[in-house]
Amino acid sequence: MDGILVIRKEKGFTSHDVVAKLRGILHMKKIGHTGTLDPEAEGVLPVALGKATRLVDMLTDKEKTYEAVLRLGITTDTQDMTGTVLKEQEVKVTEQEARDAVKSFCGEQMQIPPMYSALKVGGKKLYELARQGEVVERKPRPVHFYSIDILDMALPLVHFSVTCSKGTYIRTLCNDIGEKLGCGGCMESLMRTRAGRFTLEDSLTLAEVQEAVCDGSISGKIVGIQEVLGEYPQTRCTAQGDKLLANGNPLPEAVVECREKKGWVRMCSSQGIFAGIYQWDERRERYYPVKMF
């Protein structure tokens with residue numbers, strides 16, 4: 001089973017919990033997730049199986065869409081409602097002021113990662129330091145909010161949808177909106193509705209995966225590697241290039257049939273068997289492997 005299984009992560013599970021449970025359900029060890037979701041967050045978690053684990057870094061880079069509920073007037077140490085309340089303030093802002101503040105975060109922003117996160121400083125995860133009562137300096141990181149749309153508002157609650165770049169913390173966005181409004185804020189709930197091309201409609205709960213294994217339909221639920229990489233043009237080498245391709249070697253132009261030279265291509269053998277992602281190197285005049293499968 002080589003491909004992507006799109007899981008609908010439920011509350012209470014870490015992303016690592018999901019991987020561990022799938023190893024038991026699918027009876028396979030080579031499984032990896034493509035982007036951490038907090039334990040209390042729900043939604044789309046693409047999981048790579050078998051050879052598709054080589055896709056993890058590519059899929060982690062994709063933009064993601066979330067639906068979140070921001071609660072104004074409360075500031076916590078974790079930037080969500082699971083943490084210790086640090087401050088409570090009366091919410092005196094108008095709906096229009098809240099709307100303007102939320103929309104002002106669209107575009108490129110510099111975001112300081114929260115202390116309660118899995119990022120490492122000095123070899124230790126930030127949340128481990130936070131639990132010991134330590135606060136360390138974190139450098140702001142560039143993130144991009146492609147769109148932020150308010151879905152509903154009943155102050156102090158603001159329900160919104162956001163599409164953003166990788167490495168973005170929606171908890172921190174909620175905290176920063178609260179700071180901008182002067183009343184504080186934290187995240188009450190989070191649902192990831194899309195990760196790259198994968199949506200909630202594509203996803204399965206762990207119970208549904210177990211059911212598909214039992215009734216023999218699981219293979220039809222897995223998105224194959226070729227399909228995941230379908231945005232890249234496909235080409236093949238000639239019979240003379242098959243041995244080079246099988247060994248993951250660069251391919252001279254003479255042994256490649258369709259000579260696409262812009263970006264990545266899905267390289268197949270002369271028999272049409274997919275082998276990996278290649279890219280043309282203008283200086284060395286060869287197609288070089290980017291990732292082999």
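Structure summary
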read-out: Selection from region 1-19 of residues that are open to solvent by 10 Å² or more (accessible area, probe 1.4 Å) and more than 24 Å from S189 (Cα to Cα); value: M1, D2
read-out: Selection status of K262, assigned to a helix (DSSP H, G or I) and among the basic types (K, R); value: no
read-out: Those residues of region 82-108 which are in contact with an Asp or Glu (Cβ under 8 Å, 6 or more places away or on another chain) and open to solvent by less than 30 Å² (accessible area, probe 1.4 Å), in sequence order; value: G83, F105
read-out: Flag if L206 is over 30 Å from G73 (Cβ atoms), surrounded by 14 or more Cβ atoms within 10 Å (Cβ to Cβ) and at pLDDT 95 or above; value: yes
read-out: The lone exception for K29 - which of (1) part of a loop (DSSP other than H, G, I, E, B); (2) more than 19 Å from V162 (Cα to Cα); (3) in contact with a strand residue (DSSP E or B) (Cβ under 8 Å, 6 or more places away or on another chain) it fails; value: (3)
read-out: Cross-chain or 6+ apart pairs with Cβ under 6 Å, region 243-267 first and open to solvent by less than 80 Å² (accessible area, probe 1.4 Å), then assigned to a helix (DSSP H, G or I); value: L251/G241; L251/L244; V255/Q240; V255/G241
read-out: Pairs, first at positive phi in region 98-122, second modelled with pLDDT under 95 and surrounded by 16 or more Cβ atoms within 10 Å (Cβ to Cβ), C-beta under 9 Å, six or more apart; value: G122/L129
read-out: Residue satisfying all of: in region 45-81; part of a helix (DSSP H, G or I) and open to solvent by 20 Å² or more (accessible area, probe 1.4 Å); nearest to F145 (Cα to Cα) among these; value: T60
read-out: Candidates E260, E231, E253 - the one that is of a type in the set (D, E) and under 30 Å from K9 (Cα atoms); value: E231
read-out: Subset of region 159-190 that is in a loop (DSSP other than H, G, I, E, B) and in contact with a Leu (Cβ under 8 Å, 6 or more places away or on another chain) - its residue that is farthest from T34 (Cα to Cα); value: C183
read-out: Residues of region 128-158 that turn out to be assigned to a loop (DSSP other than H, G, I, E, B) and out of contact with any strand residue (DSSP E or B) (no Cβ under 8 Å at 6 or more places or on another chain), as a count; value: 6
read-out: Close pairs (8 angstrom Cβ cut-off, 6 or more residues apart or separate chains): closer than 19 Å to I170 by Cα in region 129-142, open to solvent by 100 Å² or more (accessible area, probe 1.4 Å) and of a type in the set (D, E) anywhere; value: P142/E108
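Residues are listed down the side, and each one gets a yes or a no for (1) crowded, with 20+ Cβ neighbours inside 10 Å; (2) modelled with pLDDT of 95 or more; (3) β-branched (V, I, T); (4) out of contact with any Phe, Trp or Tyr (no Cβ under 9 Å at 6 or more places or on another chain):
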{"site": "A130", "(1), (2), (3), (4)": "no, no, no, no"}
{"site": "E134", "(1), (2), (3), (4)": "no, no, no, yes"}
{"site": "K139", "(1), (2), (3), (4)": "no, no, no, yes"}
{"site": "H144", "(1), (2), (3), (4)": "no, yes, no, yes"}
{"site": "A154", "(1), (2), (3), (4)": "no, yes, no, yes"}
{"site": "V158", "(1), (2), (3), (4)": "yes, yes, yes, yes"}
{"site": "S161", "(1), (2), (3), (4)": "no, yes, no, no"}
{"site": "R171", "(1), (2), (3), (4)": "yes, yes, no, no"}
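Every residue, every condition in (1) in a strand (DSSP E or B); (2) touching a helix residue (DSSP H, G or I) at 6+ places or on another chain (Cβ under 9 Å); (3) buried (at least 17 other Cβ atoms within 10 Å of the Cβ), yes or no:
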| position | (1), (2), (3) |
| --- | --- |
| R192 | yes, yes, yes |
| E201 | no, no, no |
| A212 | no, yes, yes |
| Q226 | no, no, no |
| G230 | no, no, no |
| T235 | yes, no, yes |
| Q240 | no, yes, no |
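The values are calculated or read from the model by the stated rules, or taken from the named source; none is laboratory data. Keep in mind it's a predicted model, so treat the numbers as computed, not measured. Note: ideal-geometry Cβ built from the backbone for every residue, glycine included; neighbour counts use all protein chains shown. Please note that ligands, DNA and RNA were not included when accessible areas were found on the heavy atoms of the full protein model with its side chains. Shrake-Rupley method; radii C 1.70, N 1.55, O 1.52, S 1.80 Å.
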